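Here the structure comes first, spelled out in structure tokens, and everything after it is commentary.
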Amino acid sequence: MTAKKDKKEPERQELEYTIELDENGDEVVEGLDVAEQPVDPLEAAEAEVSELKDKLLRMHAEMENLRKRTQREVADAHKFGVERFATALLDVVDNLERALEVEEGNETAVREGVQLTLNSWHEMMKNFEVERIDAVGKDFDPHLHEALTQMSSDEPEGTVVAQHVAGYTLHGRLIRPAKVLVSSGPAS
């Protein structure tokens, strides 16, 4: 047999009151004396604490759900952020495969196919804000160019005379510098 704890519930009092309208049409409550109803400050404080605790727990649960959802979204962005880019690259790969299917001895067709593939590559890169850096004839800029060597040339000192590898920027940020040969000026 288990023992039951008796919780003493506060006695409820039936309230009798009437609501009437006065000459202005405002409601008048008769028979309800708020001052007669004792309010236990401890009960009021416990009720407020209970309400605040409930709100805190709900807010904590909402924040935890938001944190988890944000983590999932960030993980998906990392996984699938290059999906559009990868899909666009597939067209370039298709063109390269078609170039390999050209019959032997037809170098002109292969050359044209490779040129078309290169053109589609550059167009696709522009769509993704990847810009090519062509440096020949421009002043050497250490923020965009990587000097492989200096060589004497008829060009003024500090001018890029040859480009070994093109550089690229992504949305204006350098992702690969152009590898260049820089003029040291005319030979003495």
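Bear in mind these aren't lab numbers, they're just calculated from the coordinates by the rules spelled out. Quantities reported herein were computed from a predicted structural model and do not represent experimental measurements. Ideal geometry is used to build each Cβ from the backbone, glycine not excepted, and the neighbour counts take in all protein chains shown.
Amide H contacts for A135 (H built 1.01 Å from N in the peptide plane; partners 5 or more residues away or on another chain; cut-off under 5 Å): none found. When the P(r) of segment 44-188 is calculated, the portion above 22 Å amounts to 67% of the C-alpha pairs. Note on segment 131-188: Rg/Rh from C-alpha atoms, Kirkwood Rh, equals 1.02. Treating r as the C-beta distance of T108 and R84 and R0 as 35 Å, the FRET efficiency rounds to 0.55.
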